[in-house]
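The values are calculated or read from the model by the stated rules, or taken from the named source; none is laboratory data. For clarity, every value in this text was computed on a predicted model and none was experimentally measured. Quick reminder, even Gly has a Cβ in these numbers, built from the backbone with ideal geometry, and neighbours come from all protein chains shown. The accessibility values were calculated without ligands, DNA or RNA, using every heavy atom of the protein model including side chains. Shrake-Rupley method; radii C 1.70, N 1.55, O 1.52, S 1.80 Å.
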Amino acid sequence: LWFKMSDYGGVLLGQENAAETHWTPILYVGSDGLLRGTFWSATGATPITTPSPIALNTWHHVLLSTVGGSTPSQTLYVDGALIGTKADAVDLQDMVRVQVGTGKALGWPNSGCSGWCGITGNIGRVAFYDHAPDATRVGAHYQAGLATLTGTTTTTFTAPPAIVTGTLPVAPASTPAS
């Protein structure tokens with residue numbers, strides 16, 4: 001996901017259940033300027049966090065990956081650099097909705113949100129992969145994206161986001177080579 005913010009605070013990528021009783025701000029920038037990322041897991045609200053605030057009014061690339069199996073983990077990259085990894089399995093619970101540029105973050109560390117929390121800024125590109133890219137691929141993706149950001153067109157939404165309900169794909173039995 002590519003993003004540029006003019007102020008701190010807001011959910012870049014969120015998910016929730018249909019009843020709106022469970023939610024996870026998968027990627028968010030807290031009121032302290034730190035970017036946090038995690039999929040919901042048995043350990044709850046324990047996101048991987050950048051060591052310093054993100055720069056405002058600058059395009060950033062963020063990628064959160066997950067690997068299952070006998071040694072599950074989640075890994076966060078920002079601007080092509082590894083921020084951190086935690087040994088934790090993803091638990092999607094009953095999450096069927098995904099939001100881009102907004103989401104709920106009530107109760108999450110330094111979210112600064114008491115309900116829905118959109119970003120002040122732009123989302124450039126969003127991609128979902130069926131495998132966890134390795135560090136080399138993430139760095140190459142970041143460098144390639146930097147070269148094309150000048151051609152990004154801004155889209156302004158004049159109505160609330162539509163709700164699209166569906167099922168998330170099941171992870172493949174084997175992971176393709178990165």
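Points to keep in mind about this one:
- Residues that are open to solvent by 10 Å² or more (accessible area, probe 1.4 Å) and in contact with a strand residue (DSSP E or B) (Cβ under 7 Å, 6 or more places away or on another chain), drawn from region 3-14: 4, 6, 8, 9, 13
- Counting the residues of region 117-136 that are surrounded by 16 or more Cβ atoms within 10 Å (Cβ to Cβ) and either farther than 19 Å from residue 26 by Cβ or of a type in the set (Phe, Trp, Tyr) (or both) gives 0.
- Residue ID - surrounded by the most Cβ atoms within 10 Å (Cβ to Cβ), chosen from residues in region 17-44 that are at pLDDT 90 or above and of a type in the set (Ser, Thr, Tyr): 28
- Members of region 101-116 that are part of a loop (DSSP other than H, G, I, E, B) and either open to solvent by 40 Å² or more (accessible area, probe 1.4 Å) or of a type in the set (A, V, I, L, M, F, W, C) (or both): 105, 106, 107, 108, 109, 110, 112, 113, 114
- Residue match in region 87-100 (condition: crowded, with 17+ Cβ neighbours inside 10 Å, touching a residue at least 12 places away in the same chain (Cβ under 8 Å), among the acidic types (Asp, Glu) and within 19 Å of residue 8 (Cα to Cα)): no
- Residue within region 59-73 that is touching a Pro at 6+ places or on another chain (Cβ under 6 Å), modelled with pLDDT of 90 or more and in a loop (DSSP other than H, G, I, E, B) present: no
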